[in-house]
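Below you'll find the structure, written out as structure tokens, and then a few comments.
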Amino acid sequence: MEVLLFILPVFFALSVLIVPKSGVRAYGIIGSLAVLGVVIACMMQYSNDGTVHLFGNKEEWLRSTGITMSFGYDGISLLMLLLTAVLVPLILVSNFKNELAENRLFTSMVFFMQLGLIGVFISMDGLWFYVFWEITLIPIFLISWWFGAPERKAALMKFFIYTFVGSLAMLAALIGLKVNAASFQIEDLKAVILTSKTACWLALGFFLAFAIKIPIFPFHTWQPDTYTKSPMAGTMLLSGIMLKMALYGMIRWMIPLFPEAMSCLQYPVIILATIGVVYGAIIAIKQKDMKRVFAFASMSHVGLIAAAIMVWDFDALSGSMVQIVNHGLVAVGLFLAVEIIERRTGTRNLPDLGGFAKQAPKFAFWFAVLAFASVSVPLTSGFIGEFLMLKGLVQFDMIIGIIAGTTLILGAVYTFRAYQLSMYGPVTRDQFADLHWSELIVLAIIIIAVVILGVYPAIITDFVNPSLKIVLETVSTPSGL
Amino acid sequence: MSVSQLLPLILLLPLIGAFINGTIGKSLSKVVVGTIATGVMAISFVLALMAFMSVQHGEPVTVHLFTMIKTSSFSLNARLFADNLSMWMTLIVTGVGTLIHLFSMGYMKHDAGYYKFFTYLNLFIFAMLTLVLGSNYFMLFFGWEGVGICSYLLIGFWYQDFKNTLAARKAFIMNRIGDLGLLIGLFLILGKFGTLEYGEVAKAVMTEGFEISEMLIFGITICLFIGATGKSAQIPLFTWLPDAMAGPTPVSALIHAATMVTAGIFLTVRSNYLFELEGAHLTKDIMLYIGLATSIVAAFIAMRQNDIKKVLAYSTVSQLGMLFVALGMGAYTAAMFHVTTHAFFKALLFLGSGSVIHAMSDEQDIRKMGGLRKKIPITHITFLIGTLAISGIPLLSGFYSKDEIIGHAFESHKFVYFALMFSSALTAIYMFRLYFVTFFGTFRGTHEQEHHLHEAPASMTLPLVILAILSVVGGLLNLPGVFLHSGTHWLSHHYAHNVAGMAVGEHGDPNTTLMLMVAAGAMAVIIAIITYIVYVKKNSIPKEDAQVKGWEKASAMKLYFDEIYDFLFVKPILWLSEKGAHYFEGAFLHRGVVSIGKVIGKSGDLVRKIQTGRTDNYILWMVFGIIGLIVYYIIYSKN
């Protein structure tokens, strides 16, 4: 059963290459739904006791190298898998109207990407984690390289070099840790006892990789350019799922492997992440390119999640799990909204837009709800997520909590500015077609999910809390958290 | 039906109405849409009345709906709570709400967004009821944010005019500043008490031997108050309320006069046991003086406003300030009494102004009105009653409720007493000015407007009449003990019965009360006469904008609050955003990264010669190469 998690994406990634052009759209959606089915089946099977369900061969695979075939999942991994499996079909459907959707290579790359993501979330072996982490870089790079905006090359090189440097740092840290461990298996790695100083240096390697991918201030400069130059599907994959790998990596790998490093990393990381929350929000206010607005917004939101994770408190962690899901859904929705405008008008430049609310009331409605979800109003999942995360931060440090809390205010500023400038005011185009069914479906699914989770967030927290508890308990940090 | 069955229904009915109108309202006729929206409100009101009756003399009722989330240390519950305070607020919200819905059916008749308007209006009521009926601070916050959203939607209802959407955004953002304060207050409560349930917090506080550091209780109460300054439009967060008048007039009546803006008062009264603790004295003093300053500043600005709705908006801010003065003195019942009468007469005045605007074909400038009393008699009479009530003319509701607050001030803070009298004097002046300029003298509008002048339909005048009656008799709710020996202070007893922390309290000496009443009443009457002489006998009309000078200009320019905020906060943030993006993000960070890249690139010149030029191929190979290297390294390191 679990093997299908690997087999299906590979199968679809390859088989889509020989499907006739007219069938690529449907084939891609069917394939992604099949993966979703497998993930749901795994969730059904999973006994929700919080332990890691291992299904690989824990014995060494290459006896001499220390690499094991250890794969498995717990509640946290399953939630990430589910997010991936839900977002991929949504991304494919939202691309339905683009020519890109009938491109075999594109669809193949999406499945390739999914393979990498699944691998990241179920690897219980450090080296496999690293390998899959790297694998995800290839399809996303190629998608943006082949299908991105004309002047994409410099931005993409920057993106590539940035993330690659980060990954290498992680690899170095991983190897440094392995020197003292029996194998790359996660439990073996955790068993290594380090001095605080070594732990700090090694953890820094992981942190660099994650900080770049999340991105945490000031490692973010690749992000706005890459987002704006990538095709919409690429941006959605990047912000919706890919950066969640890094947040997941912090919970699964960075902190549990190096609890000794919490004393030196906790404050600096939280401070950097909090600066990112405010910085991203402030820069977003005056951006003219809508995609850039939401790129910086994404940086601001994700910075808060990273800060909350570093607090390493149970409530803050469950809040960040809720927010990871929420951000994945809302980011995809917002970028789709930008895409909808760009498809119809050929521009994302805010001063050139306006008045669409009158011409496209359906779009105006769904976009408005998304905007509200993005500023985390009650009845959307972001509200609960932010509530728990900010509570954690305030109780960790009042000042930091208040500074991070300004996202409540600044978020409203840039989101409503972008929304109002594009949708309200005098009409600027002769015509603006209302939502296509494929766009409507995606927006509606996202909103419904966000609202259900907003009213009853226990769906997520009940599922991940046992696993979070175990992760927290196995890590006893020096600060006694 | 028992109360526990009634409460969810009261809450859900408006939501159902919003859902029906929001989904299929577009294809329904306007009458049906309006009837559904008003109907659910009326039913909700009747049910609230039933619940009120059965809770009134009994114990508070809690209804557990579901647990939203359960964490390691606390759980957040969707739970409803009925005691005399929450039911009282529910009655105001649903009662005044029903009337305003009814009014809107006539007022919005020609608007294309009719169904949308009623959807938002119902949705607002749902959020407001969540706010008052919730059994914990979390539900309160839920509703608190919810009413903020509905307020945003309704202020920006006519979004074709971009100015309106800016006003909506301003309101939302300023509210959010307060919300952040409130949120932090909730975290502090959660940290100390481990729960957000009112009942449990109250129990903990009122248990013998309860200890809390003064610093913490000050922190909690000041945070709650910061939240209140946002929602209830106090200095420094009050400037959104006048701008909020960009919304349709029924919205101003419902949200920005009768219900939402009183949320801050409700929050304080609900948490009165926290405010009565030792360390909260400072908060109460801050509250008192902020309220006082707001009351006077807003009344001063209202003196020279010429937009009929702006005058009423500043008047609302001023009255809310007075309410916080009452809270700062610990006069919780007096505050709730005034909230109630204020809901009656201010809703009346706003709806009356709506009726005037409706008659004047959307003209809002009182300088272009005049002589309307013959043309729209019902509106005129009801508006007069509203004016008399708010100005504190004896025997009308505002007279009693205001007097109770002023009486409290007289006993404890003499300075506050005189300041409040000054504020009430200003109130009477600008209200009579508004009334006389609008309804007396000669008509100053265009011919066309004069031709169109007409009294509103029954759906609009009926709410006016009902509210006018309530504005007259509302004072009976909490009559002071001067005239009668029994049946007085009904509201005090009503709250003291089952609202945590509320007591009947001592009442002032009847002779003092009488003296204060005579003074206040006489002042109001004298002001009425003077303004009559100025604006009717001498027939003076407010000056054109260019001619105002001195204090009048300061008042007309709203004491430059917007300009100052613009200079202090808005401009710097925008500057930071623009320059930050350009210099820090663009030049510093970006160039730093690029130059590092260039150094690496230079060193790679040699290698570049064997490159194919297809960078994508190159990168693919690079990744595979790296992976190969890793494997190679691992194998060798083991050996």
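Here, each number is a calculation from the coordinates, and none is a lab measurement. Computed from a prediction, not measured in an experiment: that's the story for all the values here. Here the Cβ positions follow ideal geometry from the backbone for every residue, glycine too, while neighbour counts run over all protein chains shown.
Laid out as a table, the results:
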read-out	value
Debye, to nearest 20: dipole size of chain A, +1 on Lys, Arg Cβ, -1 on Asp, Glu Cβ	1200
Within segment A:336-367: backbone nitrogen closer than 15 Å to the residue A:288 label point (7 Å, Cα to C-beta)	A:347-354
Under the Karplus curve 6.51 cos²θ - 1.76 cosθ + 1.60, θ = phi - 60°, whole-Hz ³J(HN,Hα) for segment B:277-288, x wherever Gly or Pro sits	6, 3, x, 8, 4, 4, 4, 5, 5, 4, 4, 4
Rounded to 10°, Cα long-axis angle of helix B:458-473 versus longest principal axis of chain B	70
Förster-model FRET efficiency, 22 Å R0, residue B:216 and residue B:72, C-beta, rounded to 0.05	0.50
Label-point separation, residue A:26 to residue B:518 (7 Å along Cα→Cβ), nm	9.3
Between helix B:162-193 and chain B: long-axis angle, C-alpha atoms, 0 to 90°, nearest 10	80
Per-pair calculated FRET efficiency, R0 = 56 Å: residue A:191 and residue B:414 via Cβ, rounded to 0.05	0.15
Net dipole in debye of segment A:288-441 [+1 Lys, Arg Cβ; -1 Asp, Glu Cβ; about Cα centre; nearest 20]	440
Per-pair calculated FRET efficiency, R0 = 51 Å: residue B:49 and residue B:534 via Cβ, rounded to 0.05	0.70
Expected 222 nm ellipticity per residue - DSSP helices of 4 or more, -39500 (n - 2.57), all of chain B, to 500	-22500 deg cm²/dmol
Rounded to the nearest 20 debye, dipole of segment B:167-222 from Cβ charges on Lys, Arg, Asp, Glu	480
Angle between chain A longest axis and helix A:381-396 axis [Cα atoms, degrees, rounded to 10]	50
Average beta-carbon neighbours from other chains, 10 Å sphere, peptide A:412-424	4
Average beta carbon contacts from partner chains per residue of B:165-177, 10 Å cutoff	4
Selection from B:292, B:464, B:524 lying farthest towards where the dipole of chain B points positive, charges on Cβ	B:464
222 nm mean residue ellipticity, helices alone, for chain A (DSSP H n ≥ 4; -39,500 (n - 2.57); rounded to 500)	-23500 deg cm²/dmol
Cross-link pairs B:309/B:538; B:163/B:402; A:291/B:571; A:97/A:358 - those with Cα-Cα distance over 28 Å	B:163/B:402
Rounded to whole Hz, the Karplus (6.51, -1.76, 1.60) HN-Hα couplings of segment B:123-134, x for glycine and proline	4, 4, 4, 4, 5, 5, 5, 4, 4, 8, 8, x
Dipole of the protein assembly as shown, positive direction: furthest Cα of B:495, A:139, A:404, with charges on the beta-carbon	A:139
Members of B:346/B:558; B:116/B:170; A:362/B:231; B:116/B:374; B:170/B:543; A:190/A:469 lying beyond 25 Å, as alpha-carbon distances in this model show	A:362/B:231; B:116/B:374; B:170/B:543
Within-12-Å neighbourhood charge of residue A:93 [Cβ basis; K, R +1; D, E -1]	+1
